[in-house]
Amino acid sequence: MRWKHRPQGSNWGDFGPDDELGRLNLLTPDKVLQGVAEVREGRSFCLSLPLDYPGGNALNRLRHPPRRFTSGRGDKLNYNFELQRINSQFTDVVSDDAVLLYTQYSTQWDALSHVGGLFDADGDGVSEPLYYNGWRAGEDIRGPAGHADALEGVSAERLGIEKMAETAVSGRAVLIDLERHCGRERVLVDHARLQQIMQADAVVVEPGDMVCLYTGFADRC
């Protein structure tokens with residue numbers, strides 16, 4: 001066992017000592033069917049913002065807009081590249097891009113290895129950097145040793161985003177309209193306020209539901 005004590009209110013261990021999914025475990029086949037049953041119209045839409053939203057780096061000075069550039073093919077640019085330059089039998093024309101992207105710049109999926117906390121899980125009086133279910137920073141989620149290996153030296157051996165992809169996130173979604181009640185000013189919405197809004201709009205959140213909070217922020221970008 002990696003820990004003797006778990007943070008108050010956490011679900012460490014609820015899904016097994018080595019679990020890496022957290023409450024994604026609640027997305028059972030029955031929960032997926034419950035989501036399907038909510039469909040009223042056959043329309044499709046995307047919840048993701050464009051990769052270059054919100055623009056600039058006002059929200060976080062450490063994150064910059066994505067950069068897209070043409071990949072190279074030797075000393076040539078691999079854009080509108082006529083393959084007959086390589087082989088006279090070819091008629092293809094190809095274009096390839098490369099992207100430099102800050103993965104938290106726009107819409108994002110956060111793995112359980114994204115945010116942890118300092119906690120004394122061993123009961124020895126020393127707080128350590130830990131992630132969900134007691135997986136440890138430096139051992140299970142390894143960062144770079146320094147700037148020299150910062151590009152290639154990081155690795156989430158546990159709690160990686162691939163766990164979410166393997167599970168697939170499908171189920172019932174519930175929308176809470178914060179803008180309707182709070183406007184577009186910057187306000188603190190605590191648990192009590194959230195409960196008031198849900199009660200006013202008759203919103204019911206059940207175990208395994210995916211909660212979408214509408215703030216109107218993206219409409220102003």
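Points worth noting:
- Kirkwood hydrodynamic radius over Cα pairs of the chain, then Stokes diffusion coefficient at 25 °C and 0.890 mPa s, in µm²/s: 112 µm²/s
- Remark on segment 1-108: hydrodynamic radius 20.0 angstrom, per the Kirkwood mean of 1/r across alpha carbon pairs.
- In summary, the lysines within cross-link reach of residue 31, defined as a Cα separation below 21 angstrom excluding same-chain residues under 8 places away, comprise 163.
- Helix axis angle, 191-200 relative to the chain longest principal axis, alpha carbon, degrees: 90 degrees
- Contact order for the chain, expressed relative to its length and based on alpha carbon pairs under 8 Å spaced 6+ residues apart, stands at 23 percent.
- 222 nm mean residue ellipticity, helices alone, for the chain (DSSP H n ≥ 4; -39,500 (n - 2.57); rounded to 500): -3500 deg cm²/dmol
- Ranked by how many other Cβ atoms sit within 10 Å of their own Cβ, fewest first, the residues 182, 212 fall in the order 212, 182.
- Cβ-based exposure ranking for 81, 69, in which fewest neighbours within 10 Å come first: 69, 81
Every number here is computed from the coordinates shown, using simple stated rules; none is lab data. Just so we're clear, the structure is a prediction, and the values are computed from it rather than from any experiment. Here Cβ is always computed from backbone atoms with ideal geometry, including for glycine, and neighbour counts include all displayed protein chains.
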